[in-house]
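The values are calculated or read from the model by the stated rules, or taken from the named source; none is laboratory data. For clarity, every value in this text was computed on a predicted model and none was experimentally measured. Reconstructed Cβ throughout: ideal geometry from the backbone, glycine too, with neighbour counts over all protein chains shown. With ligands, DNA and RNA removed, areas are computed over all heavy atoms of the protein, side chains included. Shrake-Rupley method; radii C 1.70, N 1.55, O 1.52, S 1.80 Å.
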Amino acid sequence: MVLKQWIILSFFSFILVGCGFQPLMTGQHETPQTFKLKVNGTGYSTYKFRRELEKQLALTPKINDKAYVVTIAVSEGYVPIAYGTDATISRSQVQATATYSIYDGAKLIAKGVVTAYSSYILNYTEEFSTRSAQAAASERTLISLAEELSREMMLKIRSLPEKEEKWEQRIDKDHNW
């Protein structure tokens, strides 16, 4: 009986090896691009933003062997966006902004500003629900800001001129010109 199970197991293993089967949950074989973050700001917002940005950057594929230094200034503000009939604020908006600069050593290679928004309803009779909605909106905004910033950083790094030079060298080698 054991021999029969071993033969069946060997047969299925042979079939799976031949078809190109690869397990889905093996993890990332390539290390992510290296960044050294310098985030300026105060309080929980800065902490939350940094942690979310680190998560996003850990998922980015490695483009080159450089370690980029990224300085980021984070600010967050609240703006009323809707008023009730009695002139009280009924809806407010969280706006978070990250002003960033990317350096390769001492050389500035890119800079920009990324902004994210999220809104929440104000209820003056329920202070707890208003504060809870404000905290949730702030957290959503910071997560969105980290996602957007990581995408923009990778876009700027991928579009550096040195990539074009490598492309031209590869074309020359391919065509033996």
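Some observations on this one:
- Of all residues in the range 147-155, at least one satisfies being buried (at least 17 other Cβ atoms within 10 Å of the Cβ), out of contact with any Ser or Thr (no Cβ under 9 Å at 6 or more places or on another chain) and modelled with pLDDT of 85 or more.
- Residues that are assigned to a strand (DSSP E or B) and either under 18 Å from Glu52 (Cα atoms) or open to solvent by 20 Å² or more (accessible area, probe 1.4 Å) (or both), drawn from the range 113-146: Val113, Val114, Thr115, Ala116, Tyr117, Ser118, Ser119, Ile121
- Search result, residues across the range 53-75 that are open to solvent by 60 Å² or more (accessible area, probe 1.4 Å), under 16 Å from Gly41 (Cβ atoms) and not hydroxyl-bearing (Ser, Thr, Tyr): Glu54
- Unmet criterion (only one of (1) of a type in the set (S, T, N, Q); (2) modelled with pLDDT of 80 or more; (3) loosely packed, with under 10 Cβ neighbours inside 10 Å) for Thr46: (3)
- Subset of the range 76-95 [assigned to a loop (DSSP other than H, G, I, E, B) and either at pLDDT 85 or above or open to solvent by 70 Å² or more (accessible area, probe 1.4 Å) (or both)]: Thr85, Asp86, Ala87
- Among the numbered conditions (1) surrounded by fewer than 16 Cβ atoms within 10 Å (Cβ to Cβ); (2) in a strand (DSSP E or B), the only one that Tyr100 does not meet is (1).
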